[in-house]
Amino acid sequence: MTGRIDGGVHRRPSGADTRTVPGGTLVTSILYAPAVPTEQLSAGRLLIPGNRQLPTHRDRAAETALILLSGYAAVLAGESLRPVLPAPGDLIYIRRALPYAVVNLSRNAAVLMLAVTTDPRFGSALEPAPDLDPAVTIRAENLRAEHLERITRRRVSSSRRPR
């Protein structure tokens, strides 16, 4: 985009900015060209329902930052699908062309994330990585079981504390 902006641009996403991707994740584009005169940045909101995951993909042209806003998630990155378990407020950086998937560890509650990328059209160059999906599915189930065990242990140990 060319031209000068004299002031901030306020934009509320509309229903047309939300799409469902395979697996049931709702992706809402918030900041993207041409809706906002951005040249090198875009952002979107990811709402991943319980027991679901964002399909494995890569972006050969853009870097991505994922910020967990709420919920329990795992980001599986690279060919080895090494898990990162962020807490709300944490940022996970995904370098250009690195395959990754986002897994909701909860069976019921949704995960809310903010994705910020250097693709000004937000997701225009995403490439699916279906070769990794079977491994992601197995890893996701194991991570969900571990998460449930951690939550259960935390609840049991806190109920036995002396008062």
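The values are calculated or read from the model by the stated rules, or taken from the named source; none is laboratory data. Only a predicted model underlies this, so the values are computations on that prediction, with no experimental measurement involved. As a convention, Cβ positions derive from the backbone with ideal geometry for all residues, glycine included, and neighbour counts pool all protein chains shown.
Structure summary
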item: Pair list, Cβ < 7 Å and 6+ apart or interchain, from the stretch 7-35 residues that are touching a residue at least 12 places away in the same chain (Cβ under 8 Å) and among the hydrophobic types (A, V, I, L, M, F, W, C) to residues that are exposed (fewer than 12 other Cβ atoms within 10 Å of the Cβ) and part of a loop (DSSP other than H, G, I, E, B); result: ALA33/MET1
item: Residue within the stretch 114-134 that is under 23 Å from ARG150 (Cα atoms), in contact (Cβ under 8 Å) with a residue 60 or more places away in the chain and crowded, with 16+ Cβ neighbours inside 10 Å present; result: no
item: Candidates ARG107, ARG139, ARG96, filtered to the one that is basic (Lys, Arg), closer than 18 Å to LEU47 by Cβ and in contact (Cβ under 8 Å) with a residue 24 or more places away in the chain; result: ARG107
item: Residue within the stretch 38-52 that is within 30 Å of GLU141 (Cα to Cα), in contact with a Lys or Arg (Cβ under 7 Å, 6 or more places away or on another chain) and either modelled with pLDDT of 95 or more or exposed (fewer than 14 other Cβ atoms within 10 Å of the Cβ) (or both) present; result: yes
item: Residue satisfying condition, being closer than 19 Å to HIS147 by Cβ, surrounded by fewer than 22 Cβ atoms within 10 Å (Cβ to Cβ) and small (Gly, Ala, Ser), within set ALA101, ALA87, ALA74; result: ALA87
item: Those residues of the stretch 8-41 which are touching an Asp or Glu at 6+ places or on another chain (Cβ under 6 Å) and more than 13 Å from ARG121 (Cβ to Cβ), in sequence order; result: THR28
item: Residue count, the stretch 9-31 (criterion: farther than 18 Å from LEU54 by Cα, of a type outside the set (A, V, I, L, M, F, W, C) and surrounded by 12 or more Cβ atoms within 10 Å (Cβ to Cβ)); result: 2
item: Strands (runs of 3 or more DSSP E) wholly inside the stretch 1-66 that include at least 1 residues being charged (D, E, K, R) and out of contact with any Pro (no Cβ under 6 Å at 6 or more places or on another chain); result: 18-20, 42-48, 53-59
